[in-house]
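What follows is calculated from the coordinates using simple rules that are stated; it is not laboratory data. Note that the coordinates shown come from a computational prediction; the quantities given were computed from them, not determined experimentally. With ideal geometry, Cβ positions are generated from the backbone for all residues, glycine too; neighbour counts draw on all protein chains shown.
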Amino acid sequence: MKSIAMLCVLAMLTTAQTMNNTLTWTDSPRDVFINGELDRATQVLVCDQPSYLAVLNPKLDRAIVLSINEHKVMLTPKSMLTLSADHASAASPAGFSREDSGVFVRIEGPIYVFQVAGKSFVIRPHQGMTGELSEQKLFEAMPVWQSLMDEYQPLDSAVAAIKAASKDSELILAFGTWCPDSRNYVPKLLKTLKTAANNHLKIKLIGVDHDFHEPMNTVQALGIINVPTLIVKRNGQELGRFVETPAANTIEEDLAAILEGKPLKHNGRWDRGPLLAHGSYSIRDGEGRTVGTEKFEQYRTSEMGYLIHSEILAGELSTEVWYRVDAANRPSFVEVTKKRGAGILRTRFRFDNNKTMTVRLRGNESGTSEQVVSVPDLFGVSSPAAASASWAPLCAVSNKIAMRVYVLQPEFENPMGLMEDASYEAKQDESIQVPAGEFKTRHVTAKVGGATCELWIDAELKAPVRMRTSKGFEYVLTSIEKTNS
């Protein structure tokens, strides 16, 4: 029996080793300097487990591999890496042959300095190409993008629709060579246009830097805060645009719809489950006059939390809010986009292990800025959306709590917020009559910073039926439809 058990253990170990005997590598855009000169022909691939970085240069007969944790430089045959057809990934044996060739120095984060075969190497994060680019110049700098284009097969029906467009149109494509979404969609679009071969369509390629400062005239004039952005114009008038990710399944379907004069509405890139409810608020001033509206949707998420999507219109200012909370009602992602006239500001919040929050602002006129904030266990974000106003008090377990809240003001002039002390106290249960109907609510008084807000929260909806701010504005639920999900 012991022999049989030992054989089983050995079989299990052999199976585990077989499953883990291949390493996966992915292309990673970097700027590689050899003897002080930028070498665009060099490709860098990274492996996460174990942490390796491979350097492939056509002038070297072997590949260079950096063992990141050991600070070692190693050499291995190029045949060790089997590249995919599009050169965007590779595979290698876990026990690939290697020869030690010294050590590297790591400075200022992910910058690596070392020597091989009498040549000095410096590997830096890719800074991005800026300004108007030709396709040839783009592919010289990003050869993997050409491989991605060559391998892509666009949707036949979309290609046929694009080929049938009979009016002259200008396509302006702004992208970042540093951006994963651009790497995904730009080659696909270029392959689609080549396949359609429509002489009525002329494309202009524009590289945008990581901070959205360059080229400033283009970024400001076209209102670009995300990349890639494809803008389609005809006779100087914009027909529609593709921003960051397609509204349909593919970028070619989006382009076909725009050229047909039927641009698709993007439902947002954020993962969501079933729709739970949708409705609207009326925003009223201190004299009861309607000064704005908010439409919202509430979804379940795969993490058993909730996702709120709100669109707010108040005068010339439009605000779009995406607000996601986890199963414990803690914020897990927030994005607020404000538009007024030609100005666009997007503030995006990311949360890392419930310990820190990164707030990144991007504007077509202001460029980018960033805050990194430590967050306590009991923490919330106050956004301009009434539909998400209940999540801070809902993450508590008592009727009276104190917590820290990051407050983002609704005004266009205040794109970044501040951390404030906040308290929430449940007063009593009340029946409230509003245009959307009668609701049983919990009356909560919120004190955030120096401001006081009264909320009447519907427990089932997990949103306020009525909300009154210290500035005299009132949000009143005017419609609501709940689904059976």
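Quick notes on this one:
- Of the trypsin sites (Lys or Arg not before Pro) found in region 161-211, those in coil by DSSP whose Cβ has at most 11 other Cβ atoms within 10 Å are 167.
- Share of pairwise Cα-Cα distances greater than 27 Å in region 275-482 is 26 percent (whole percent).
- Note on residue 459 and residue 249: the model spin-label points, each 7 Å out from Cα along the C-beta direction, lie 4.4 nm apart.
- Solvent-free Debye calculation, one equal scatterer per alpha-carbon of region 352-449: log10 I(q)/I(0) at 0.15, 0.23 Å⁻¹ equals -0.72, -1.26.
- Ranking 160, 215, 226 by Cα position along the charge dipole of the chain, where only Lys, Arg, Asp and Glu carry charges on their C-beta atoms, puts 160 farthest toward the positive end.
- Computed [θ] at 222 nm, helices only, for the chain once each DSSP H run of length n ≥ 4 contributes -39500 (n - 2.57): -5000 deg cm²/dmol
- Residues whose amide H falls under 5 Å from that of residue 101, counting only those 5 or more places apart or on a different chain, are 73, 74, 75, with hydrogens built in the peptide plane.
- For residue 382, distant residues with modelled amide H under 5 Å away: 406, 407, 408
- Reported to the nearest whole Å, the Cα centre-to-centre distance from region 187-236 to region 126-143 is 13.
- Tally of Lys pairs whose C-alpha atoms are under 23 Å apart, taken over region 326-485, 8 or more apart or cross-chain: 15
- In order along region 426-433, the phi-based Karplus estimate (6.51 cos²θ - 1.76 cosθ + 1.60, θ = phi - 60°) of 3J(HN,Hα) comes to 6, 8, 7, 7, 9, 8, 10, 9 Hz; Gly and Pro are listed as x.
- 3J(HN,Hα) along region 292-298, derived from phi through the Karplus expression 6.51 cos²θ - 1.76 cosθ + 1.60 where θ = phi - 60°, amounts to x, 9, 9, 9, 9, 10, 10 Hz, with x in place of Gly and Pro.
- HN-Hα J in Hz across region 405-410 - Karplus 6.51, -1.76, 1.60, θ = phi - 60°, x for Gly and Pro: 9, 8, 9, 10, 6, x
- Amide H contacts of residue 133: 205, 206, 207, each under 5 Å away and 5 or more positions distant or on a separate chain (H built 1.01 Å from N in the peptide plane; Pro and chain starts excluded).
- Filtered trypsin sites (Lys or Arg not before Pro), region 260-346: DSSP coil and at most 11 other beta carbons within 10 Å: 265, 289
- Ranked by the mean number of other Cβ atoms within 10 Å of their residues, highest first, the peptides 97-104, 357-364 fall in the order 357-364, 97-104.
- Around residue 150: net Lys/Arg minus Asp/Glu count, Cβ-Cβ under 12 Å: +1
- Dimensions in Å of region 20-125 - Rg and Dmax from alpha carbons: 12.7, 38
- Shown for 477, 75, 264: other C-beta atoms within 10 Å of each C-beta, ranked fewest to most, produce the order 264, 75, 477.
- Every pair of different Cα atoms in region 131-259 enters the Kirkwood calculation, which places the hydrodynamic radius at 14.6 Å.
- Computed over the chain: relative contact order in percent, which uses C-alpha pairs under 8 Å that are six or more apart: 8
- Of all beta bridges that DSSP places with both ends in region 131-259, some 70 percent have antiparallel geometry.
- Mean Cβ neighbour count within 10 Å, used as a protection proxy, ranking 176-182, 119-125 highest first: 176-182, 119-125
- Matching label, Cα Rg over 2.2 N^0.38 Å computed from the structure shown, candidates [x] 1.47; [y] 2.48; [z] 1.17: [z]
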